[in-house]
């Protein structure tokens, strides 16, 4: 509920900060600069009233900032108070309550306002309120359908929801497809390897131009056989794909589980269909735990030697 | 109880207990003890000799009494460092002497233990003795290999592991033992390791027990089957455990994170088991089997009693095509060696060929069953070609050496720069050839006595051995578990009733292969084929063959086999022909396999009914045949002979007949999808060669292009390759090979035709693997190889510096691709980094051809420890090539530095053998690299015990550089600029030698080391000078 005010103050602050840099010229910033300037005038006049002849810039800034915070806080609290009573526009009593809440003696205010040495400040120059740039109009703005009462919010701008289908005939010529796939892959590979070569150490074949044909430097690994023997992830992926497609192709009538088995599942299947001529009496898959192999037996605890 | 194998031994092992109670990965050290129970076979056993290398021995006790001991390892310094003799013959004899001095089969050993006198009397009564030895091992250079990755975390998190390895009998490197294949005993093994680790060893795991602080556990193993020490192994690491789903007594181990790969790789093992058990009609001899996959393995496969250690790089996922057969071959080899090699051991080194032969032979049977007859015959031909090439180039390989006197003069193989007396003195390459020849000879025996008898013999050996192995308390029976040449031959004659003596004499007791030259003429009048078969038996590595030979003649009326007798002086053989020459009658022509085919006979000679002739088609002689027949005959043979070996022979013969007819024959073979894929692959390369020879008359698009387009490109847009689908392996291999062969095409300017290059670039560009079930890494790698093949030397104007600006536009495109591939590999590494390997080769080729500046730094960074081993090898190969081309001594130094210090044994060995293959300079050429410092360095390398398991490699390298000639490198003592090498040779050499001769020979010979008198200095000076001139 208080968001708008806070945001307002936030934007004010940011406006003031960015105002210090000279380049800013946007209308919003101009507007905020003007307010800030007015505040500064107010602060300096108040200081003059108090008898100061000059002030350091830093002190000025601090006081201005305090003033602005104070006013902002009054505004925010007033709005909060008013919304608490289910209204939308703050009244005088809201402001009064706020000031009381903030520990300000309201009774002193009329006296202060009517003080004699009060300086009159000219009204701040009228600056144009910032213009919200118009959004690009795309398509027709939709009106409410009949069943929606008119006080409901309007549809957002059409560009937020309309879609324009762009559609081209898919390329079906085999040659072009292959050509495309090939060059795409090659481009990806080249870009990738170039990138890797640029970001890491390289070796070069030419002494005059080290950047020509960069080779990613050869790095010895501690266990070289792992990467050389294990299939790469890409290959595993292909394997899965081809396997699954094969399974689709094969009907269940096929009974030969001979060649295609790599994964545990099919290995288990193979256990089930042991050949009749096997050396070992055929075991069932669920008997696997009962295989009597000395390497699977548990390690024995040492015999306890009794000290005498 | 003396028995034939170890009659020289004065003791006999019964039981062996090894306990390793501390393995420190941080310090790479091992502490433990061994206890062996021995049974003296002679009176007054006062000394016990055991083998032990690099172990520190703390104490020895015999029957609880402290026993004094002496430790002396003569191989640590083979030639005394003050010795002035520096030549390979001298080294070889000294090294052989050193190895003999500690040979367990002769009752020798590095560790000599004095039996306490209190026990002497007991010895008289032939009582059992228990020898207890405490030892430790610190940073072992051989025997055990520690892999400790340098990352954060505990040793288990770092995947640190250790495993035993070695060349032949090298168990002495990690614990004191009788390191002989013929000394069997039962084993009890205990290993205490960190609780997060697993210790895998031979035999049955009896139990695993925590130590009292619960931080470690002890693995107790028992091996009741008598086993020789070299067949004992150990692997410790944080292994993941997989129990074989088909055979629960088989357990697989791999390093952390690799379990999915292990599951896939091992899903096949049970079939190999079944196969061997079926053909041998014998169960797997051990009660369990373990496979362990380790990193930095020196060899891909090594077999030990009831376990095998493999390189972790054999593991693969289901998406990998190329590795699958390779890995299955390795598994099959390992398993074959379990039966013959581990369970059945050998009596002596001279009997090794039987074990290698049988295991290789049954492995071949497995290949035939699994991969088909074509693959098998192709493999046999390949193996035959390898052994023949080796023997003709280097010298004969002797399977069954006999050493009568023990003098070096009786050396049966004087042509070699090493002694074949001991497995340790051999060259690795020689040993590989030895194994190859052994299984080929087994196949010859099979041809002679039939496979059925052959398998019966194996079964007999196995059942005798398994009966013997169960005789726990009658250890004299155990000799049945050792195979000897004579026992094997006796078994053969008992089972088959056939005398294979001549065959054994020809191929086993004698080295060398047969070299035939054949040609023929057709005598129209007599209707006789006059065949002439000559032999070359004077060159090195050859032998004379006398006996039957099969010749197959394909005539118009059919295929006929003839068996000719090769005799001393008969060169010519008349073979009567069955068919008259006639061509007008349209009739199908019957082939060997009963098939009848239509042939276009217009190409053949109107007067002759001969289509083609094959000499020894079944490869039943270890031979090389150079046969001359007309080009059209080779073409008929290629098209219509159904044997893959014949097709391959025809293809290699057609290389010298660049005619349109050859082109057509090759193209037809390429297109025929019923043809064996390896033949089609070979045809690709032949076609490329022919196309280059026919350059000026070639019509139509470049060879293979339209073929490739038809087979692998889209119908609608022929320049775009189909998305990858490798489900048909034959066409996958063809698709991979064709671009590589096409890139070898050259146009009139000797450049790769623009059309071909663009075609290959398009293949790379449009390569799309998204829908493929298999990985395309090998395919992409071969496309890069194709780009490499297309490179030709740059045209250089007055040796300008290579810059980016003057880069040839085509080369720029190639370089662009290579850069992208190499960079992508960093983000998405391919299996075994095949693409990086190909890219490195491509970059070296670009450098070598002068397109980009020659610079080894890129390769040196890829050669560092920490890259995948294949990548390191490829990078090192490039550095070695650079060293040769640019004659860079700093790079040579850098390489030798690696040989000294690299943590991976395989790399150290491989650097030297690659240097030997591509030496930085040769005997003939004068090079600044050739100086005394280098010789010194290499000499030290081989003279010290540093190289341990592969002591041979530096010798081989030195041999490649200088040959056997002893003193050539001594002429480089004075490092003067050489204006005329021959002149300096004369001037410098005597000087250098004199200086050497003057220094007093103060060293006394080492015990057990035979110092041989060398020919006097003068003689060697002469020989050197003449050699230099």
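The values are calculated or read from the model by the stated rules, or taken from the named source; none is laboratory data. Remember, it's a predicted structure, so these values are computed and weren't measured experimentally. Positions of Cβ are backbone-derived with ideal geometry, glycine not excepted, and every protein chain shown enters the neighbour counts.
Of all helices (runs of 4 or more DSSP H) completely enclosed by the range B:761-850, which ones contain at least 1 residues that are more than 23 Å from residue A:194 (Cβ to Cβ)? Spell out the reasoning first.
Values: elements: B:777-789, B:809-827, B:834-848.
Where helices (runs of 4 or more DSSP H) fall fully within the range B:761-850 and carry at least 1 residues being more than 23 Å from residue A:194 (Cβ to Cβ), they are B:777-789, B:834-848.
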- Note on the structure: Those residues of the range A:194-237 which are surrounded by 18 or more Cβ atoms within 10 Å (Cβ to Cβ), touching a strand residue (DSSP E or B) at 6+ places or on another chain (Cβ under 8 Å) and in a loop (DSSP other than H, G, I, E, B) amount to A:204, A:205, A:214, A:218
- Filter the range B:269-293 for residues that are touching a helix residue (DSSP H, G or I) at 6+ places or on another chain (Cβ under 8 Å) and more than 10 Å from chain A (Cβ to nearest Cβ) and give the result. B:269, B:272, B:275, B:276, B:279, B:280, B:281, B:282, B:285, B:286, B:289, B:291
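Do the conditions hold for residue B:790, that is, is it crowded, with 21+ Cβ neighbours inside 10 Å, more than 14 Å from every other protein chain (Cβ to nearest Cβ) and under 25 Å from residue A:187 (Cβ atoms)?
Details: crowded, with 21+ Cβ neighbours inside 10 Å: yes; more than 14 Å from every other protein chain (Cβ to nearest Cβ): yes; under 25 Å from residue A:187 (Cβ atoms): yes.
It is true that residue B:790 is crowded, with 21+ Cβ neighbours inside 10 Å, more than 14 Å from every other protein chain (Cβ to nearest Cβ) and under 25 Å from residue A:187 (Cβ atoms).
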- Note on the structure: Only one of B:885, B:899 is surrounded by fewer than 16 Cβ atoms within 10 Å (Cβ to Cβ) and not in a loop (DSSP other than H, G, I, E, B), namely B:885
- Of the numbered conditions (1) over 22 Å from residue B:743 (Cβ atoms); (2) within 13 Å of chain A (Cβ to nearest Cβ); (3) assigned to a helix (DSSP H, G or I); (4) over 25 Å from the mean Cα position of the chain (by Cα), residue B:871 satisfies every one except a single condition; which is it? (4)
- Note on the structure: Note on the range B:299-356: residues within 17 Å of the chain's Cα centre (by Cα), in a loop (DSSP other than H, G, I, E, B) and farther than 21 Å from residue B:422 by Cβ are B:300
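Determine, yes or no, whether residue B:648 is surrounded by 16 or more Cβ atoms within 10 Å (Cβ to Cβ) and modelled with pLDDT of 95 or more.
Working: surrounded by 16 or more Cβ atoms within 10 Å (Cβ to Cβ): yes; modelled with pLDDT of 95 or more: yes.
Yes, satisfied.
Over 19 Å from residue B:342 (Cα atoms), surrounded by 15 or more Cβ atoms within 10 Å (Cβ to Cβ), touching a helix residue (DSSP H, G or I) at 6+ places or on another chain (Cβ under 9 Å) and at pLDDT 90 or above: does that describe residue B:483? Walk me through it before giving the result.
Values: over 19 Å from residue B:342 (Cα atoms): no; surrounded by 15 or more Cβ atoms within 10 Å (Cβ to Cβ): yes; touching a helix residue (DSSP H, G or I) at 6+ places or on another chain (Cβ under 9 Å): yes; at pLDDT 90 or above: yes.
So residue B:483 does not fit the description; no.
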- Task: Given the conditions (1) modelled with pLDDT of 95 or more; (2) within 12 Å of another protein chain (Cβ to nearest Cβ); (3) out of contact with any helix residue (DSSP H, G or I) (no Cβ under 8 Å at 6 or more places or on another chain), report the number of the one that residue B:235 does not fulfil.
- Result: (2)
- So which residues in the range B:799-834 are without any contact (Cβ under 8 Å) to a residue 40 or more places away in the chain, under 39 Å from the mean Cα position of the chain (by Cα) and facing chain A (nearest Cβ under 8 Å), if there are any at all? B:815, B:816, B:819, B:820, B:822, B:823, B:824, B:826, B:827, B:828, B:829, B:833
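Could you grab me the full set of residues in the range A:156-174 that are within 11 Å of chain B (Cβ to nearest Cβ) and at pLDDT below 85?
Quick first cut of the range A:156-174, residues within 11 Å of chain B (Cβ to nearest Cβ) only: A:173-174.
The answer is A:173, and nothing else.
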- Item | Enumeration of residues in the range A:19-59 that are at pLDDT 85 or above and assigned to a loop (DSSP other than H, G, I, E, B) | A:51, A:52, A:53, A:54, A:55, A:56
- For the range B:158-167, indicate whether the set of residues that are within 24 Å of residue B:252 (Cβ to Cβ), surrounded by fewer than 24 Cβ atoms within 10 Å (Cβ to Cβ) and free of Cβ contacts under 8 Å to residues at least 24 places away in the same chain is non-empty. yes
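State which residue is nearest to the other protein chains (Cβ to nearest Cβ) when the search covers only the range B:690-711 and only residues that are assigned to a helix (DSSP H, G or I) and crowded, with 18+ Cβ neighbours inside 10 Å. Can you show your working first?
Let us first name the residues in the range B:690-711 that are assigned to a helix (DSSP H, G or I), namely B:690-693, B:705-711.
From what is left, the residues that are crowded, with 18+ Cβ neighbours inside 10 Å are B:690-691, B:705, B:707-708.
Numbers: B:690: 33, B:691: 29, B:705: 19, B:707: 21, B:708: 17 Å.
This residue is B:708.
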- Query: Out of (1) within 12 Å of another protein chain (Cβ to nearest Cβ); (2) buried (at least 21 other Cβ atoms within 10 Å of the Cβ), what's the single condition that is false for residue B:310?
  - Reply: (1)
- Note on the structure: Given the conditions (1) part of a loop (DSSP other than H, G, I, E, B); (2) within 14 Å of another protein chain (Cβ to nearest Cβ), every one holds for residue A:177 apart from (1)
- Identify, from the list B:581, B:608, the residue that is surrounded by 13 or more Cβ atoms within 10 Å (Cβ to Cβ), at pLDDT below 90 and under 14 Å from residue B:520 (Cα atoms). B:608
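Do the conditions hold for residue B:750, that is, is it outside any helix (DSSP H, G or I), surrounded by fewer than 23 Cβ atoms within 10 Å (Cβ to Cβ) and on the phi > 0 side of the Ramachandran plot? Give the steps one after another, and end with the answer.
Values: outside any helix (DSSP H, G or I): yes; surrounded by fewer than 23 Cβ atoms within 10 Å (Cβ to Cβ): yes; on the phi > 0 side of the Ramachandran plot: yes.
Here the answer is yes, as residue B:750 does meet what is asked.
Considering only residues that are within 14 Å of chain A (Cβ to nearest Cβ) and out of contact with any strand residue (DSSP E or B) (no Cβ under 8 Å at 6 or more places or on another chain), look in the range B:137-151 and name the one that is nearest to residue B:174 (Cα to Cα).
Quick first cut of the range B:137-151, residues within 14 Å of chain A (Cβ to nearest Cβ) only: B:147-151.
Remaining after also requiring out of contact with any strand residue (DSSP E or B) (no Cβ under 8 Å at 6 or more places or on another chain): B:148-151.
Numbers: B:148: 18, B:149: 22, B:150: 24, B:151: 27 Å.
Result: B:148.
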- If a residue has to be within 31 Å of the chain's Cα centre (by Cα) and at positive phi to count, how many in the range B:532-551 make the cut? 1
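Modelled with pLDDT of 80 or more, closer than 30 Å to residue B:871 by Cα, within 14 Å of chain B (Cβ to nearest Cβ) and outside any loop (DSSP other than H, G, I, E, B): is that true of residue A:188 in this structure?
Criteria met by residue A:188.
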